[in-house]
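Values in this text are rule-based calculations from the coordinates and carry no lab data. Computed from a predicted structure; not experimentally measured. Ideal geometry is used to build each Cβ from the backbone, glycine not excepted, and the neighbour counts take in all protein chains shown.
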Amino acid sequence: MEYNSDNVFAKILRGEIETNKIYEDDYAISFYDIAPKAKVHALVISKAMVVDFEDFIEHSTASEIAGYMRAIVRTAEKLNLIEDGYRLVFNSGKNSGQEVPHLHAHILGGEDLSTHNI
Ligand code: AMP
């Protein structure tokens, strides 16, 4: 799928939509999900204009991939999720139910998710 910069996360990156920001670096911006599915639910969006996980991996350098992955961990640290743990979800493509066509990781935590069907 071609990247389309009309999506809501591209607007957040351009500063056109406000978010409750948690963390930002050269590779990613993190903020709270507007419709949380766990006590703590954050999104880590890439600064790279890529649609999904496959697009990101195929069109990024090793250091860009590492930088984005590290930003996920930095966000989990800021949210104090390291000790008790968290769940990472990448919806990618139609069958996953991905709604926003811009790479993002969901970080879910703050409670026991072992019985959650997410
Ligand atoms: P996905 O289904 O993986 O594409 O997830 C998209 C997520 O973005 C959903 O969990 C939405 O609740 C969330 N979302 C959509 N718009 C916003 C927004 N403006 N701020 C924060 N989260 C958003």
Can you tell me how many residues in segment 79-118 are near the ligand (Cβ under 8 Å from one of its atoms) and aliphatic (A, V, I, L, M)?
2
Output the residue which, of all residues in segment 1-37 that are part of a loop (DSSP other than H, G, I, E, B) and basic (Lys, Arg), is surrounded by the most Cβ atoms within 10 Å (Cβ to Cβ).
LYS37
